[in-house]
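J.: Submitted below is the structure of interest, expressed as structure tokens.
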């Protein structure tokens, strides 16, 4: 029988602490989103981040997290929890009249969190640079996430 190997590599504490703080914020923040919306956003973003890692990051050897030969707790948190929490927090507080301020703020936060992942020794770049993530974060916060929330809220007439 295959036993999971949840490797705790150097810097594992960083995504553990960050995930705990972000989950706490999601649970305690005053809600403008419904729990159903939070659930859908959380699941979709986690899935998209995992798929991007599997389809692009791994085959092109863009970066390594911890032990490149094993998946561990840091990957689960960095791909499945942290981006989803950031998306939920962003959409919960987003105000259309201040959209670009929120976009700028969350792009900067995301870049800082990625940079810290490298600084604590958890992630190492092979063919990537923190600044190259800027357009990815910009598209996500400025266009994809607001569209996703609109799509979720759209009344299709189906029940």
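The values are calculated or read from the model by the stated rules, or taken from the named source; none is laboratory data. As the structure is a prediction and not an experimental result, all values here were calculated from the model. Because the Cβ atoms are built from the backbone with ideal geometry, glycine has one as well, and the counts that use them run over all protein chains shown.
J.: What single numbered condition from (1) modelled with pLDDT of 80 or more; (2) assigned to a helix (DSSP H, G or I); (3) in contact with a helix residue (DSSP H, G or I) (Cβ under 9 Å, 6 or more places away or on another chain) fails to hold for residue 31?
T.: (2)
J.: Oh, and also: Could you grab me the full set of residues in the range 107-122 that are touching a residue at least 60 places away in the same chain (Cβ under 8 Å), in a helix (DSSP H, G or I) and touching a strand residue (DSSP E or B) at 6+ places or on another chain (Cβ under 9 Å)?
T.: Going residue by residue through the range 107-122, those that are touching a residue at least 60 places away in the same chain (Cβ under 8 Å) are 113, 116-117, 120-122.
Keeping just the survivors that are in a helix (DSSP H, G or I) gives 113, 116-117.
Hit for the range 107-122 is 117, nothing else.
J.: While we're looking at this one, here's another question. For the range 90-103, how many residues meet the condition of being part of a helix (DSSP H, G or I) and surrounded by 18 or more Cβ atoms within 10 Å (Cβ to Cβ)?
T.: Qualifying residue count for the region: 5.
J.: Looking at residue 82 and the list (1) surrounded by 13 or more Cβ atoms within 10 Å (Cβ to Cβ); (2) modelled with pLDDT of 75 or more; (3) over 23 Å from residue 24 (Cβ atoms), which single condition is not satisfied?
T.: So the condition that residue 82 fails would be (3).
J.: Looking only at residues that are surrounded by 14 or more Cβ atoms within 10 Å (Cβ to Cβ) and in contact with a strand residue (DSSP E or B) (Cβ under 6 Å, 6 or more places away or on another chain) in the range 123-155, which one is modelled with the highest pLDDT?
T.: 123
J.: Residue 26 fails exactly one of the following numbered conditions: (1) touching a helix residue (DSSP H, G or I) at 6+ places or on another chain (Cβ under 8 Å); (2) modelled with pLDDT under 80; (3) surrounded by 17 or more Cβ atoms within 10 Å (Cβ to Cβ). What is the number of that condition?
T.: Result: residue 26 passes all but (2).
J.: Let me ask you something else. Looking at residue 68, is it modelled with pLDDT of 80 or more and not in a helix (DSSP H, G or I)?
T.: no
J.: Would you say residue 118 is at pLDDT below 85, surrounded by 13 or more Cβ atoms within 10 Å (Cβ to Cβ) and either within 23 Å of residue 22 (Cβ to Cβ) or within 15 Å of the chain's Cα centre (by Cα) (or both)?
T.: Working: at pLDDT below 85: yes; surrounded by 13 or more Cβ atoms within 10 Å (Cβ to Cβ): yes; either within 23 Å of residue 22 (Cβ to Cβ) or within 15 Å of the chain's Cα centre (by Cα) (or both): yes.
For residue 118, the condition - at pLDDT below 85, surrounded by 13 or more Cβ atoms within 10 Å (Cβ to Cβ) and either within 23 Å of residue 22 (Cβ to Cβ) or within 15 Å of the chain's Cα centre (by Cα) (or both) - is met.
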